[in-house]
1. May I ask you to verify whether B:Gly92 is part of a loop (DSSP other than H, G, I, E, B), of a type outside the set (Ser, Thr, Tyr) and under 19 Å from B:Phe179 (Cβ atoms)?
2. Which numbered condition trips up B:Thr157, out of (1) of a type outside the set (Lys, Arg); (2) buried (at least 18 other Cβ atoms within 10 Å of the Cβ); (3) in contact with a strand residue (DSSP E or B) (Cβ under 6 Å, 6 or more places away or on another chain)?
3. Could you list, in sequence order, all residues of the range A:63-86 that are without any contact (Cβ under 8 Å) to a residue 40 or more places away in the chain and within 8 Å of chain B (Cβ to nearest Cβ)?
4. Show me the strands (runs of 3 or more DSSP E) found entirely inside the range A:24-71 where at least 3 residues are in contact with a Pro (Cβ under 8 Å, 6 or more places away or on another chain).
5. Name the residue, out of B:Val289, B:Val216, B:Val267, that is surrounded by 14 or more Cβ atoms within 10 Å (Cβ to Cβ), in contact with a strand residue (DSSP E or B) (Cβ under 8 Å, 6 or more places away or on another chain) and either among the aromatic types (Phe, Trp, Tyr) or under 25 Å from B:Ser147 (Cβ atoms) (or both).
6. How many residues, within the range B:197-228, are closer than 22 Å to B:Ala155 by Cβ and in contact with an Asp or Glu (Cβ under 7 Å, 6 or more places away or on another chain)?
7. Considering only residues that are touching a residue at least 40 places away in the same chain (Cβ under 8 Å) and surrounded by 17 or more Cβ atoms within 10 Å (Cβ to Cβ), look in the range A:38-60 and name the one that is nearest to the other protein chains (Cβ to nearest Cβ).
8. Can you list the strands (runs of 3 or more DSSP E) found entirely within the range B:211-313 that contain at least 1 residues being hydroxyl-bearing (Ser, Thr, Tyr) and within 26 Å of B:Cys141 (Cβ to Cβ)?
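The values are calculated or read from the model by the stated rules, or taken from the named source; none is laboratory data. Remember, it's a predicted structure, so these values are computed and weren't measured experimentally. Here the Cβ is made from the backbone with ideal geometry for all residues, glycine too, and neighbour counts use every protein chain on show.
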Amino acid sequence: MSLKNWNELTMGGVNLEPGSSLKNFTASYRSGQKPVFNPDNCINCFFCWVFCPESAIIVDREKITGINYDYCKGCGICENECPVKKNPKPILMVEEIVEL
Amino acid sequence: MISLKEMAKKEDLFVSGHEMCPGCGIPVILKIVLRTTKCPLVVSNASGCLQSASTNFPATSWKLNWIHTAVENAAGTMSGIQATYSSLKKQGKLPVDKKIKFLVIGGDGATYDSGLRSISGAMERGEDFVYLCYDNQLYACSGGQRSSATPMGAATTTSPSGNVLPGKLQPRKNISNIFAAHEIPYVAQSAPWIWQDLYKKAERAFETTGPAYLNVLNPCPSMWKAPANKSIEITKLAADTCVWPIFEIKDGTKVTVNYKPKKKLPVTLWLESQARFTHLLKVENNWIVKKIQEEVDKDWEFLISSENKNRTN
């Protein structure tokens with residue numbers, strides 16, 4: 001994100017772009033683990049959606065469809081709150097290998 | 001009662017890209033609370049975790065009118081904002097019948113400690129606003145100092161655990177009862193795990209004319225030294241051990257307990273879940289665990305008895 005010069009700022013430092021933090025990808029917070037979504041056993045209870053602090057659960061037409069890895073910080077709440085007992089669980093935390 | 005699917009269809013007024021720690025409870029609380037009203041919202045936000053993490057220069061995570069205030073005057077600023085809006089209506093710059101809701105958000109430091117005077121004043125004047133306190137039981141943003149919301153026995157940077165001290169020695173301030181004593185129309189305590197209850201309470205708080213106060217337990221994995229994926233589970237444990245009862249108080253007297261655990265769990269389970277309490281599990285600190293249990297039992301019994309009292313009246 002490029003910063004503005006002092007003479008480009010608005011009066012009083014008012015931010016005129018609501019929701020501009022969407023440009024700020026927080027995926028770098030993830031430390032080794034990322035959730036993987038598998039729709040097979042998903043019961044669409046939406047618990048992962050409501051308890052996700054990053055709003056990183058993608059919803060499409062009343063169904064969970066995936067995870068937004070741009071914002072997911074890998075906290076693992078979605079896996080922990082998923083009530084499905086069947087194997088494989090719809091959301092599983094797996095090890096993430098970052099290639100540099 | 002709204003379902004989560006319907007809730008997901010509503011617009012997000014607090015978007016991703018904020019810099020809160022992984023596993024933080026604040027965005028979860030906001031996700032639920034900001035969806036409860038259809039009216040345009042104005043937010044006055046006291047300095048703290050939410051303010052500093054959601055408005056990282058030059059970006060903002062908010063999609064509504066938002067103002068940053070100092071720790072101690074969030075509610076006072078809201079009084080000024082309300083005066084501005086009523087003046088705009090008088091001047092004809094806004095339609096007179098336009099309904100605008102006002103929300104003040106502060107952490108436990110801004111609510112229990114330094115902001116208490118300002119909130120108390122705004123409540124006494126009977127301003128029409130909702131105060132939302134995300135209570136993570138310490139000053140997390142400035143490095144984890146003790147606040148008056150910190151429970152007894154918790155280790156913080158200013159009440160450390162060691163050979164001399166077993167963490168904080170004083171019990172936490174019962175803030176909900178302090179605000180209930182102002183005889184404001186609505187005071188409620190909730191937690192993010194019981195989202196239906198939180199949604200209902202936030203809806204009710206926005207509907208009431210006059211001040212309303214919401215006290216929501218906010219799990220803080222970084223400062224409570226708990227695993228990030230367990231943060232919502234821990235808030236449920238707080239309700240099951242009666243450390244954080246879920247209740248509401250209407251008009252200062254009518255108490256309703258909204259969640260009663262089927263089996264009241266011992267407080268040690270709550271202490272075991274976070275590393276800030278680990279020192280209490282040593283034998284020499286048994287006395288403080290006993291004291292915490294007594295304190296929790298006393299508060300719970302008082303709550304149940306005041307609920308029964310208002311039923312018989």
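1. Details: part of a loop (DSSP other than H, G, I, E, B): yes; of a type outside the set (Ser, Thr, Tyr): yes; under 19 Å from B:Phe179 (Cβ atoms): no.
No; evaluated as a whole, the condition is false for this residue.
2. Looking at each condition in turn, B:Thr157 falls short on (2).
3. At the first step, the residues of the range A:63-86 found to be without any contact (Cβ under 8 Å) to a residue 40 or more places away in the chain are A:63-68, A:75, A:77, A:80-82, A:85.
Scanning the range A:63-86 gives A:Asn68, A:Cys75, A:Ile77, A:Asn80, A:Glu81.
4. On the way: elements: A:33-37, A:57-60, A:63-67.
So the answer is A:63-67.
5. Values: B:Val289 fails: in contact with a strand residue (DSSP E or B) (Cβ under 8 Å, 6 or more places away or on another chain); B:Val267 fails: in contact with a strand residue (DSSP E or B) (Cβ under 8 Å, 6 or more places away or on another chain).
Result of the check over B:Val289, B:Val216, B:Val267: B:Val216.
6. Pass one, the range B:197-228, residues closer than 22 Å to B:Ala155 by Cβ: B:217-228.
After this cut, where a residue has to be in contact with an Asp or Glu (Cβ under 7 Å, 6 or more places away or on another chain) as well, the list is B:217-218.
So the answer is 2.
7. If we filter the range A:38-60 for residues that are touching a residue at least 40 places away in the same chain (Cβ under 8 Å), which is where we start, we get A:38-43, A:48.
Add one more test, that the residue is surrounded by 17 or more Cβ atoms within 10 Å (Cβ to Cβ), and what stays is A:42, A:48.
Working: A:Cys42: 13, A:Cys48: 10 Å.
Applying the filter and picking the extreme gives A:Cys48.
8. Details: elements: B:212-217, B:246-250, B:254-259.
Fully inside the range B:211-313 and qualifying: B:212-217.
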